[in-house]
1. How much length is gained on full extension from residue 227 to residue 19, taking 0.36 nm per residue of separation minus their Cα-Cα distance?
2. Rounded to the nearest 5, what is the percent of antiparallel bridges among the DSSP beta bridges in region 3-238?
3. On the Cα set of region 1-95, report Rg and Dmax in Å, please.
4. From the Cα trace of region 55-133, what convex hull volume per residue do you get, rounded to a whole Å³?
5. Can you list the lysines whose alpha carbon is less than 23 Å from that of residue 145, not counting same-chain residues fewer than 8 positions off?
6. In region 36-132, which chymotrypsin sites (Phe, Trp or Tyr not before Pro) are in a loop and have at most 15 other Cβ atoms within 10 Å, using DSSP for the loop call?
7. What number do you get for region 3-238 when its Cα radius of gyration is normalised by 2.2 N^0.38 Å, N = residues?
8. Given the pairs 80/144; 2/237; 8/144; 181/227; 2/144, which span a C-alpha to C-alpha distance of over 32 angstrom in this model?
Amino acid sequence: MKWVYQLKNVTIERSKGGASFRLSIPDFQIPRGSFTAIVGQSGCGKSTLLDILGLVLPPTSADTFNLISRHGESFEISGKGAKELAQIRRQHLGYILQSGGLMPFLSVARNILLARMLTPATAMNADATEELVFRLGIEDQLDKKPSQLSGGQRQRAAIARAVAQNPEIILADEPTGSVDKYTAAKIRDLLLGCTRQQDIAVLIVTHDESLVQGIADATYSFELSQKSDGDLRSVLKQIA
């Protein structure tokens, strides 16, 4: 099995105003080309987990926290500085946010081009990117700014940008939260189809378990416990 992420006994502790939150990740791996889902209610730790995997929020402790490139290069994330993490993030991770996360002042075409320029050594070439754009059905939206797009169009453009970058993994934070269920299913299927073709792993964070049920290769949620007033503990658990 080839992995993108390997985490073992990773924890993060946060406190504010007398309240504390501890997220524990006992054992978590993401295989290359897989579709992994994180589900759960608000406040359970979904966003915190995504920030850890996105190399934005360093864990408090970790026995193992590795990111492995498609060429077999392994990055031990713990202990790396901000500049090193930013470089790894640019070269190996792609993002799709609930709003799409596109640069608002750039056209769709420029957003996609910028993503490809960040990873020139591994990004899709112009012909493959054009084919991707047509597959996603946004070829007539390329000159528009994100504000001129519908929610579904914005998410398709975000998929194009992320896939064209050809990262090891795409982290998708509630990517269908602002569209109806029919459009959400179409966006999910397009994302899954495009990434399977490129052997890109996808981790999707969603509150809607029905969106990924029977489709995700693995689904995780959180076991919550209240130790005392304002003292919350959350443990990541595989549920399917």
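Every read-out reported here was derived from the displayed coordinates using simple, explicitly stated rules and does not represent laboratory data. This is a predicted model, so every value here is computed, not measured. Virtual Cβ from ideal backbone geometry, glycine too; neighbours counted across all protein chains shown.
1. 73.8 nm is the gain from fully extending residue 227 to residue 19.
2. 55
3. 13.6, 45
4. Numbers: hull volume 10.4 nm³, N = 79.
Enclosed volume per residue, from the Cα hull, is 131 Å³.
5. In chain and number order, the partners are 186.
6. Answer by residue number: 105.
7. Here the answer is 1.01, to two decimals.
8. Beyond 32 Å between Cα atoms: 80/144; 8/144; 181/227; 2/144.
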